[in-house]
């Protein structure tokens with residue numbers, strides 16, 4: 001058996017049932033009770049980077065389409081969901097490899113990459129070119145006024161182009177469960 005990690009990117013439809021359950025289990029293990037049933041559903045419908053050693057899933061991230069609005073214009077976004085790495089492999093560069101695959105998908109799709117980071121992971125993402133959103137956050141079509149990011153919403157964008165003002169207002173389509 002080859003013990004070298006193997007990384008592949010697949011659409012949700014291409015994930016086997018076993019891989020789907022293994023990926024969900026990895027992410028649930030990483031986030032514990034804070035990972036709701038809707039959180040896994042949010043990770044479906046896009047592209048997954050799946051890192052394995054043999055038959056064991058050790059890393060996962062997904063990027064799914066989301067509608068964004070900024071400066072009065074709506075556009076397509078790629079929202080990164082369900083990022084997790086088996087603790088045994090942290091600090092080995094494997095998490096960076098998973099994110100590199102997701103970032104390549106974002107760039108090839110020509111969308112704005114967005115994610116909501118845990119506070120302890122912000123430095124990891126910043127080192128990769130992700131920038132914190134400092135402006136207001138809200139929902140498209142929501143009647144609530146956009147609000148500043150809070151301790152639970154460390155929304156970040158990937159290599160924001162010049163026309164994206166990270167001090168402005170960013171809106172995302174609403175969904176069941178956590179907006180960001």
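Miscellaneous remarks
- Considering every alpha-carbon pair of the range 73-180, the percent of pairs per 10 Å bin, from zero through the bin containing the longest distance, is 13, 47, 32, 8, 1.
- What separates the Cα centres of the range 119-164 and the range 8-41 is a distance of 23 Å.
- Rounded to 10°, Cα long-axis angle of helix 17-31 versus longest principal axis of the chain: 60
- Computed over the range 6-172, Cα set: Rg, Dmax in Å: 15.7, 49
- Ordering of 10-18, 124-132, 154-162 by burial proxy (mean other Cβ atoms within 10 Å per residue, highest first): 154-162, 124-132, 10-18
- Residue order, fewest to most beta carbons within 10 Å, for 140, 106: 140, 106
- Two-decimal ratio, the range 1-83, of alpha-carbon radius of gyration to 2.2 N^0.38 Å: 1.22
- Going from the fewest other Cβ atoms within 10 Å to the most, the residues 151, 165 appear in the order 151, 165.
- Residue order, fewest to most surrounding Cβ atoms within 10 angstrom, among 71, 144, 19: 144, 71, 19
- Degrees separating the helix 94-109 axis from the principal Cα axis of the chain, which is the longest one: 50
Read the figures in this text as sums done on the coordinates, not as results from a lab. In this text the structure is predicted, and so the values were computed from the model without any measurement. With ideal geometry, Cβ positions are generated from the backbone for all residues, glycine too; neighbour counts draw on all protein chains shown.
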